[in-house]
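First the structure, which I've put down as structure tokens, then a few questions once you've had a look.
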Amino acid sequence: MYVLNRRMFQRGKDNNFFWFHEQSNIFFHVKVYLCYIKENSMTVNEAYLIYFSPTHTSKQIAEAIVHGTGIKNILPINVTQQAAGEIVIPASALAIIVVPVYGGHVAPLAMERLQGIRGLDTPTVLVVVYGNRAYEKALMELDAFAIPHGMKVIAGATFIGEHSYSTDEHPIAVGRPDDSDLALAAEFGKKIRKKIETADAMDTLYPVDVRAIKRPSQPFIPLFRFLRKVIKLRKSGTPLPRAPWVENESVCTHCGLCVVRCPAGAITKGDELHTDEAKCIKCCACVKACTKKARVYDTPFATLLSDCFKKQKQPQTIL
Ligand SMILES: Cc1cc2nc3c(=O)[nH]c(=O)nc-3n(C[C@H](O)[C@H](O)[C@H](O)COP(=O)(O)O)c2cc1C
């Protein structure tokens, strides 16, 4: 045991007591700092998982991200079949919005169905899922929706999903999101959680500019071939199918699955052989859902996309 005296508090190589005293001071300050971080770090205890996903690729990405965050209280808001209605998401929650890209834009029906959602400066993650061609303005459009709706965009991402037009003959990004995409989505979720927890308050949880996200590399020659073929197709006046159809009527069992899966109400129970072209959004949910393969959507675009976008693009994230 040391008996306290003045010499013990004097610096010196051979003064062991002073060395311990100095270290314990450091330990004390580290402990105080850790307590401070814990006291002041932000936590989110619930996640609003908002998605539109007729062929379930966006849904898979959404679920992988939220599981990656480790948040247990998940409130799914699936806007595939109906509008979200009026929902206010508190600032203490995390909002994750995942939508597919149609023609380089956010799928218009998805955008329409998101309109009732509002945040209160809610930390929000924006994700677009596209079929290996391009997402063009989609992520920026989602951002332009989210900010005026009271959401603070703290992370963004672009993921790849099997193209809705993909068939056995004309495969486009088949099997995406694959295991590696889903692992990346979960890792992204984990990083989002970390970003929130390392911020000591809402004003230090910094927003991101989704325009700064890295665009995937696109080889020029296949893109040029694609554009040339699209122009040729348009000039030829070949009519493009306005909606999926039932190829062989005897195969359809009228099970009604296509009716249930259609997000646009374009197929009516009891009249499954007919698709309302005015309502159809060509999402191909009915084609993918049909267990008898009675429904088809055979568009010349599938051939072009399959031929020209063979190189698999990779997900990109920003946070
Ligand atoms: C009408 C329509 C337009 C599409 N446009 C694009 C596009 O511009 N770029 C692209 O890469 N993929 C495009 N896709 C493919 C979808 O973005 C892709 O298949 C997505 O994974 C579908 O999401 P979901 O499975 O959640 O429905 C389009 C699909 C449809 C049905």
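The values are calculated or read from the model by the stated rules, or taken from the named source; none is laboratory data. Not measured: the values here are computed from a predicted model. Reconstructed Cβ throughout: ideal geometry from the backbone, glycine too, with neighbour counts over all protein chains shown. To get the accessible areas, we keep the full protein, side chains included, count just its heavy atoms, and leave off ligands, DNA and RNA. Shrake-Rupley method; radii C 1.70, N 1.55, O 1.52, S 1.80 Å.
Do any strands (runs of 3 or more DSSP E) lying entirely in the range 44-94 carry at least 1 residues that are open to solvent by 10 Å² or more (accessible area, probe 1.4 Å) and not hydrophobic (A, V, I, L, M, F, W, C), and which ones are they?
46-51, 73-78
Give the number of residues within the range 208-251 that are aliphatic (A, V, I, L, M) and in a strand (DSSP E or B).
Selection size over the range 208-251: 1.
Kindly indicate whether Val99 is under 21 Å from Pro207 (Cα atoms), within 14 Å of the ligand (Cβ to nearest atom) and among the β-branched types (Val, Ile, Thr).
yes
Still on this structure, please answer the following. What are the residues in the range 267-305 that are at pLDDT below 95, part of a helix (DSSP H, G or I) and not hydrophobic (A, V, I, L, M, F, W, C), if any?
Answer for the range 267-305, where residues must be at pLDDT below 95, part of a helix (DSSP H, G or I) and not hydrophobic (A, V, I, L, M, F, W, C): Pro300, Thr303.
Six or more apart or on different chains, Cβ atoms under 7 Å: show the pairs whose first residue is in the range 136-162 and in contact (Cβ under 8 Å) with a residue 24 or more places away in the chain and of a type in the set (Ser, Thr, Tyr) and whose second is within 16 Å of the ligand (Cβ to nearest atom) and open to solvent by 20 Å² or more (accessible area, probe 1.4 Å).
Hits for this filter: Thr158/Gln316.
Is the range 235-243 home to any residue that is surrounded by 11 or more Cβ atoms within 10 Å (Cβ to Cβ) and touching a strand residue (DSSP E or B) at 6+ places or on another chain (Cβ under 8 Å)?
No: zero hits.
Please work out which residue is farthest from Ile61 (Cα to Cα), limiting yourself to the range 155-207 and to residues that are part of a helix (DSSP H, G or I) and among the β-branched types (Val, Ile, Thr).
Out of the qualifying residues, it is Thr204.
Oh, and also: Which condition breaks for Pro100 when tested against (1) in contact with a helix residue (DSSP H, G or I) (Cβ under 9 Å, 6 or more places away or on another chain); (2) within 30 Å of Pro219 (Cβ to Cβ); (3) open to solvent by less than 10 Å² (accessible area, probe 1.4 Å); (4) not charged (D, E, K, R)?
(3)
Can I ask one more? State all residues of the range 112-131 that are crowded, with 23+ Cβ neighbours inside 10 Å and polar (S, T, N, Q); if no residue qualifies, say none.
Matches in the range 112-131: Thr122, Thr124.
Sort out which residues of the range 267-285 are more than 13 Å from the ligand (Cβ to nearest atom) and either open to solvent by less than 80 Å² (accessible area, probe 1.4 Å) or more than 17 Å from Val251 (Cβ to Cβ) (or both), and write them in order of number.
Scanning the range 267-285 gives Ile267, Thr268, Lys269, Gly270, Asp271, Glu272, Leu273, Thr275, Asp276, Glu277, Ala278, Lys279.
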